[in-house]
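*Asks:* Questions regarding the structure given below will be posed in turn.
Coordinate-derived values only; no laboratory data. Since we're looking at a predicted model, the values are computed, not measured. Quick reminder, even Gly has a Cβ in these numbers, built from the backbone with ideal geometry, and neighbours come from all protein chains shown.
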Amino acid sequence: MDLNHIALNEIPPQGASYKVADEAVWVRRLGEFGVSCRIVEPVEAEVLVLPQEDGCLLRGVIRGVVSMPCNRCMEETLVVLNQSFDEFEDYPRDGETEPEGKEPTEILDECVVTMEGGAPFLDLAALLWEEFSLALPVKPLCKPDCKGLCPECGKNLNEGACGCVLDNGDPRLAALRQLKVKRQG
């Protein structure tokens, strides 16, 4: 099945379900976009496609486990994906065309439904990549109270103190550090 070219006019009115377990759907785009993410357990998606008069309704879920670097200490962090989604994609209006020769960074901006010869086609792989990237955390943490890395020596502070003497800031502001603020009230 070509996930990049599903003819919507061939889907019955009650819809069609698709199960996508092909790792290439995710891995190819991880490399294209330079996403620091490794698939640990298979990422799978289930999508129900319901054609409508002016577009199509897409309901689905993405499940799997990936590994990403912690935002604070850079240790490998497991991220469990279990993201459901509901999307409505409009059919392109007359005269709307997709530009040829897109750069990989433009893939997120492309329409997942295109018209070819007057018939609508769904790019399911593009839709699933969008939903996958939205399911990833912006700042993954190995644990909520991760202490991160020492800014001086780079030691992982979750493993213990490093012994670096932290700079107390600009010495010209030392007098201001002694100020105490009283609340009135």
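*Asks:* Can you give the local net charge around residue 62? Use residues other than it whose beta-carbon is closer than 11 angstrom to its beta-carbon, Lys and Arg +1, Asp and Glu -1. Intermediate values should be presented prior to the final figure.
*Replies:* Working: positive: 63; negative: 44, 46, 130, 131.
Neighbourhood net charge equals -3.
*Asks:* Mind checking the angle between helix 24-33 and the chain's longest principal axis? C-alpha axes, 0 to 90 degrees, to the nearest 10.
*Replies:* Around 50 degrees separate the two axes.
*Asks:* Net charge near residue 82, counting Lys/Arg +1 and Asp/Glu -1 over other residues with Cβ under 14 Å of its Cβ?
*Replies:* -3
*Asks:* ³J(HN,Hα) across the range 76-81 via Karplus (A = 6.51, B = -1.76, C = 1.60, θ = phi - 60°), whole Hz, x for Gly/Pro?
*Replies:* Residue by residue, the range 76-81 yields 4, 10, 7, 10, 8, 9 Hz.
*Asks:* Excluding residue 44 itself, calculate the net charge of residues whose Cβ lies under 10 Å from the Cβ of residue 44, where each Lys or Arg counts +1 and each Asp or Glu counts -1. Intermediate results must be reported in sequence, preceding the final value.
*Replies:* Working: positive: 19, 63; negative: 22, 23, 41, 46.
Charge balance near residue 44 sits at -2.
*Asks:* While we're here: Mind ranking 163-169, 152-158, 71-77 by how tightly packed they are, going by the mean number of other C-beta atoms within 10 angstrom, highest first?
*Replies:* Details: 163-169: 9.1, 152-158: 13.6, 71-77: 16.3.
Highest to lowest by the protection proxy: 71-77, 152-158, 163-169.
*Asks:* Separate question: Would you mind ranking 139, 180 by Cβ crowding within 10 Å, fewest neighbours first?
*Replies:* Numbers: 139 8, 180 4.
Ranking 139, 180 by Cβ neighbours within 10 Å, fewest first, gives 180, 139.
*Asks:* Next question. Note down the nm distance, to one decimal, between modelled labels 7 Å out along Cα→Cβ at residue 79 and at residue 19.
*Replies:* Result: 2.6 nm between the two label points.
*Asks:* Could you give me the ³J(HN,Hα) list for the range 118-127, computed from phi with Karplus coefficients 6.51, -1.76, 1.60 and θ = phi - 60°, whole Hz, x at Gly and Pro?
*Replies:* Working through the residues one at a time gives x, 10, x, 10, 9, 9, 5, 4, 5, 4 Hz.
*Asks:* Let me ask something else about it. Quick one: give the max-minus-min coordinate of the C-alpha atoms of the range 6-135 along each principal axis, largest first, in Å.
*Replies:* Ordered largest first, the range 6-135 gives principal extents of 51, 34, 21 Å.
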